[in-house]
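The values are calculated or read from the model by the stated rules, or taken from the named source; none is laboratory data. Keep in mind it's a predicted model, so treat the numbers as computed, not measured. Cβ: placed from backbone, ideal geometry, glycine included. Neighbour counts: every protein chain shown. These accessible areas exclude ligands, DNA and RNA; they are computed on the full protein's heavy atoms, side chains included. Shrake-Rupley method; radii C 1.70, N 1.55, O 1.52, S 1.80 Å.
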Amino acid sequence: MERLSDSWQVRLPVELHDMVVPPIVTESFHDDSIPASKWRGYDATGELCYYHHTYTLWQDGFDDEELPFLLQIEAESLEAWRCADGAWLRRLIRSGTAGTCSTRDRDRGFERVSAREIPRL
């Protein structure tokens, strides 16, 4: 585990900072072959209070001239902060292909959710 910088709050609006439990330590996992990353933050009692994962899936393809290229087929970023009352504040952003030259993004914004809707793995 490592001491956490202020990166846990970068994408959290300032007006929401007082609602959430700040992490004291964090751990991170990265898989460059996908690419995917996961961060977990823990409060002073060792309880999970911050979670963030990102991944991108790619597909090999060939253009009209048979030149290889990579096409992003899916991407996801989920970030969640535990509130002082035990609920979680979550933001989920997903991207998927809408054709060969564009993607469609879905940003659900900030949502209050129960703890069972936050990944633990």
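Return the only residue of S33, S37 being farther than 17 Å from W88 by Cβ and in contact with a strand residue (DSSP E or B) (Cβ under 9 Å, 6 or more places away or on another chain). Please lay out each step first, then the result.
Working: S33 fails: in contact with a strand residue (DSSP E or B) (Cβ under 9 Å, 6 or more places away or on another chain).
Among S33, S37, only S37 is farther than 17 Å from W88 by Cβ and in contact with a strand residue (DSSP E or B) (Cβ under 9 Å, 6 or more places away or on another chain).
Within the range 8-26, can you find the residues that are open to solvent by 40 Å² or more (accessible area, probe 1.4 Å), touching a residue at least 12 places away in the same chain (Cβ under 8 Å) and within 16 Å of the chain's Cα centre (by Cα)?
First, the residues of the range 8-26 that are open to solvent by 40 Å² or more (accessible area, probe 1.4 Å): 9-11, 14-15, 17-19, 22, 24.
After this cut, where a residue has to be touching a residue at least 12 places away in the same chain (Cβ under 8 Å) as well, the list is 9, 11, 19, 22, 24.
Correct list: Q9, R11.
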Step by step: first the residues of the range 95-109, then only those that are under 17 Å from the mean Cα position of the chain (by Cα) and open to solvent by 70 Å² or more (accessible area, probe 1.4 Å), then the one that is modelled with the highest pLDDT. Which residue is that? D107
Which condition number does D60 fail, the rest of (1) in contact (Cβ under 8 Å) with a residue 24 or more places away in the chain; (2) closer than 23 Å to D105 by Cα; (3) not β-branched (V, I, T) being met? (1)
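Going residue by residue through the range 38-55, is there one that turns out to be surrounded by 15 or more Cβ atoms within 10 Å (Cβ to Cβ), among the acidic types (D, E), out of contact with any helix residue (DSSP H, G or I) (no Cβ under 9 Å at 6 or more places or on another chain) and under 23 Å from S114 (Cβ atoms)?
Here is the first cut: in the range 38-55, the residues surrounded by 15 or more Cβ atoms within 10 Å (Cβ to Cβ) are 38-43, 48-55.
With among the acidic types (D, E) added as a condition, the list becomes 43.
Subsequent filtering for residues that are out of contact with any helix residue (DSSP H, G or I) (no Cβ under 9 Å at 6 or more places or on another chain) retains 43.
Applying the additional criterion that residues be under 23 Å from S114 (Cβ atoms) yields 43.
Looking through the range 38-55, at least one residue is surrounded by 15 or more Cβ atoms within 10 Å (Cβ to Cβ), among the acidic types (D, E), out of contact with any helix residue (DSSP H, G or I) (no Cβ under 9 Å at 6 or more places or on another chain) and under 23 Å from S114 (Cβ atoms).
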Search the range 49-91 for residues being charged (D, E, K, R) and out of contact with any strand residue (DSSP E or B) (no Cβ under 7 Å at 6 or more places or on another chain), and hand back the single one that is modelled with the highest pLDDT. D85
Would you please list the contacts, defined by Cβ atoms under 9 Å and residues six or more apart or on different chains, that run from a residue in the range 67-82 that is among the hydroxyl-bearing types (S, T, Y) to a residue that is open to solvent by 20 Å² or more (accessible area, probe 1.4 Å) and outside any strand (DSSP E or B)? S77/R11
I need the full set of residues from the range 13-39 which are of a type in the set (A, V, I, L, M, F, W, C) and within 19 Å of E74 (Cβ to Cβ), in order please. I34, A36
Is one or more of the residues making up the range 56-69 open to solvent by 50 Å² or more (accessible area, probe 1.4 Å), among the aliphatic types (A, V, I, L, M) and closer than 18 Å to R94 by Cα? yes
